[in-house]
Amino acid sequence: MNVTISSSTLPKTGALVLIAVEGNKLLPTALAVDEAMDGGLARAIKAADFKGKAGQVLDIAAPQGLSVNRLFVVGLGAAKSLKPAGLETAAGRMVGRLNSARIKQGSIAGDAIEGSEIADGDVAAHLALGAQLAAYRFDGYRTKQKPDQKPSVTKIGVMTKAQARAKKAWAALSAVGQGVYLARDLVNEPPNVLYPESFAKKCKALTSKGLKVEVLGEKQMEKLGMGSLLGVGQGSVRESQLVVMRWDGGAAKSKPVAFVGKGVTFDTGGISLKPGAGMEDMKGDMGGAAAVTGTMLALAARKAKVNAVGVIGLVENMPDAGAQRPGDIVTSMSGQTIEIQNTDAEGRLVLADALWYTQDRFKPRFMIDLATLTGAILVALGEEHAGLFSDNDKLADQILDAGKASGETLWRLPMGPGYDKLIKSKFADMRNIGGRFAGSITAAQFLGHYTNGVPWAHLDIAGTAWQSGSKPTSPSWGTGWGVRLLDRLVSDNFEK
């Protein structure tokens, strides 16, 4: 679907979508439409008891006085509490409505909203992003779809009088949308197509976007002493990989921001084998690596004024005769030893070496890791929030603020030395599980031993990297969660 910023001239074909806030005060385009309809829009709003609440939609077929086939009015809620994510959700909801009505072309009025903190022009840009995200499809493996099963909408124009500002904002946001699309594609790919080596090749292809990409194989990781990461993949015929992506958009000597992702391209649980039911979802156990990759693309595509590094550890956790066993002890790159008590607690083993490598080589301002790490976070937070763990209050607050602004929200959970006793081992420096209690916290506590004092945050995205249903701006199983969050974090705090 093609999404563009257009003039505020009323369209002559397709569908017209108007936005409205609570209070029923018509915005400029709605006033023009009401005049063309000889007061018909105001009468329809009153008759339908339309209040402009978030999620409300008024649908008028063949509106008198207009040449469009359909007129929609979508509610945004109160102007003073409106966030960019609310605009994106409204636009995404309308793309779904247009597809249901088999409409090919739509125009959305991106009027300035009095009383809102969102600037004129930015309103249109965020509506455009919502439409772009809603248009995502992962249909490459479908061979028998009929035309009426495919989306009908091919073009969305977002109308605004502030075209210059809107186009500038849209150029940046569309780049973020590209990153989300890539992350979703990676999560949705089947594991026979996406495995460590093929994932690394997809990352290599991003050099065409301006990223510098290195791929370390098993021999290179062995020389670096990455026994923790390599142990996870030793039961697979697929070679483990460590991918380093760099975007140098900031000052030459400026320290980079660093993002680290868990990339278990398929997780059987290893010798501690998972139950068969639902195991197919474990193709998405690389959601953290997907988010990091999508973020790096977004930063490069919008030419962010920051130095950034993305490091992803790519492994496949399989249970063959050479697989890691419960009871094994491995030595991480940091020199710390780990007793393996459960081979299904593998993501933290991958991240341990990836985090240590990142801080040791790049000396970053901070590190943020993303991982579909624990089922316990789903029990605690469901699919609404990701879990946030951090040893740095300032960084944690910046992430929480970026989450609220982007709509990718988090909830901070505690950490502290008292939890270390739960991962204490009788035979090694630590063990890779902490027992029944505080499962997400002990996983984060484990990772904290591999940051070497660098400000750090861990995002447990096991409940948000994929979804059981769909949302207006996230229509597929893989959500691409994390790309908008991290991009907003960078743009708000580290490009000034």
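The values are calculated or read from the model by the stated rules, or taken from the named source; none is laboratory data. Please read these numbers as outputs of a predicted model, since none were measured by experiment. Every residue, glycine among them, receives a Cβ derived from its backbone with ideal geometry; neighbour counts consider all protein chains shown. When the accessible area is computed, the model is the full protein with side chains, heavy atoms only, and any ligands, DNA or RNA have been set aside. Shrake-Rupley method; radii C 1.70, N 1.55, O 1.52, S 1.80 Å.
Annotations for the structure displayed:
- Annotation note: Cβ proximity below 9 Å between a residue of segment 243-259 that is crowded, with 20+ Cβ neighbours inside 10 Å and in a loop (DSSP other than H, G, I, E, B) and a residue that is at pLDDT below 95 and aromatic (Phe, Trp, Tyr) (sequence gap 6+ or interchain) occurs for no pair.
- Residue among 129, 173, 133, 182 that alone is open to solvent by 20 Å² or more (accessible area, probe 1.4 Å), among the aliphatic types (A, V, I, L, M) and either within 21 Å of residue 94 (Cα to Cα) or over 23 Å from the mean Cα position of the chain (by Cα) (or both): 173
Residue by residue, here is whether (1) closer than 17 Å to residue 292 by Cβ; (2) out of contact with any Ser or Thr (no Cβ under 6 Å at 6 or more places or on another chain); (3) at pLDDT 95 or above; (4) surrounded by 24 or more Cβ atoms within 10 Å (Cβ to Cβ) holds:
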residue: 431; (1), (2), (3), (4): no, no, yes, no
residue: 436; (1), (2), (3), (4): no, yes, no, no
residue: 452; (1), (2), (3), (4): no, yes, yes, no
residue: 459; (1), (2), (3), (4): yes, yes, yes, yes
residue: 465; (1), (2), (3), (4): yes, no, yes, yes
residue: 468; (1), (2), (3), (4): no, yes, no, no
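- Any chance residue 161 is open to solvent by 70 Å² or more (accessible area, probe 1.4 Å), under 19 Å from residue 20 (Cα atoms) and either in a helix (DSSP H, G or I) or modelled with pLDDT of 95 or more (or both): yes
- Taking helices (runs of 4 or more DSSP H) as the structural unit, those lying wholly within segment 1-103 and holding at least 3 residues that are closer than 30 Å to residue 149 by Cβ correspond to 84-100.
- Extreme residue, farthest from the chain's Cα centre (by Cα), among residues of segment 461-496 that are under 22 Å from residue 55 (Cα atoms) and without any contact (Cβ under 8 Å) to a residue 12 or more places away in the chain: 469
- The requirement of being farther than 30 Å from residue 325 by Cβ, of a type in the set (S, T, N, Q) and within 25 Å of the chain's Cα centre (by Cα) is fulfilled nowhere in segment 236-253; no residue meets it.
- Selection of first residues in segment 34-54 that are more than 23 Å from residue 80 (Cα to Cα) and of second residues that are open to solvent by 80 Å² or more (accessible area, probe 1.4 Å) and in a loop (DSSP other than H, G, I, E, B), restricted to Cβ pairs under 7 Å at least 6 apart or on distinct chains, gives the following pairs, ordered by first then second residue: 37/64; 40/64.
- Residue satisfying condition, being touching a helix residue (DSSP H, G or I) at 6+ places or on another chain (Cβ under 6 Å), in contact (Cβ under 8 Å) with a residue 40 or more places away in the chain and either farther than 26 Å from residue 295 by Cβ or assigned to a helix (DSSP H, G or I) (or both), within set 183, 171, 200: 183
- When 469, 480, 453 are checked against the criterion of being among the small types (Gly, Ala, Ser), in a loop (DSSP other than H, G, I, E, B) and touching a strand residue (DSSP E or B) at 6+ places or on another chain (Cβ under 8 Å), 480 stands alone in meeting it.
- Condition met for residue 215 (open to solvent by 10 Å² or more (accessible area, probe 1.4 Å) and in a strand (DSSP E or B)): yes
- Residue list for segment 263-291, restricted to those being outside any loop (DSSP other than H, G, I, E, B) and open to solvent by less than 10 Å² (accessible area, probe 1.4 Å): 263, 264, 265, 267, 284, 287, 288, 289, 290, 291
- Candidate set from segment 62-113 (those that are free of Cβ contacts under 8 Å to residues at least 12 places away in the same chain and hydroxyl-bearing (Ser, Thr, Tyr)); member that is surrounded by the most Cβ atoms within 10 Å (Cβ to Cβ): 81
Residue by residue, here is whether (1) in contact (Cβ under 8 Å) with a residue 12 or more places away in the chain; (2) over 13 Å from residue 482 (Cβ atoms); (3) assigned to a helix (DSSP H, G or I); (4) open to solvent by 20 Å² or more (accessible area, probe 1.4 Å) holds:
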{"position": "376", "(1), (2), (3), (4)": "yes, yes, yes, yes"}
{"position": "383", "(1), (2), (3), (4)": "yes, yes, no, yes"}
{"position": "387", "(1), (2), (3), (4)": "yes, no, no, no"}
{"position": "396", "(1), (2), (3), (4)": "yes, yes, yes, no"}
{"position": "399", "(1), (2), (3), (4)": "yes, no, yes, no"}
{"position": "403", "(1), (2), (3), (4)": "yes, no, yes, no"}
{"position": "411", "(1), (2), (3), (4)": "yes, yes, no, yes"}
{"position": "414", "(1), (2), (3), (4)": "yes, yes, no, yes"}
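- Residue within segment 122-137 that is more than 30 Å from residue 34 (Cβ to Cβ), in contact with a Phe, Trp or Tyr (Cβ under 8 Å, 6 or more places away or on another chain) and not hydrophobic (A, V, I, L, M, F, W, C) present: yes
- Test result for residue 54, open to solvent by 40 Å² or more (accessible area, probe 1.4 Å), under 26 Å from the mean Cα position of the chain (by Cα) and of a type outside the set (Phe, Trp, Tyr): yes
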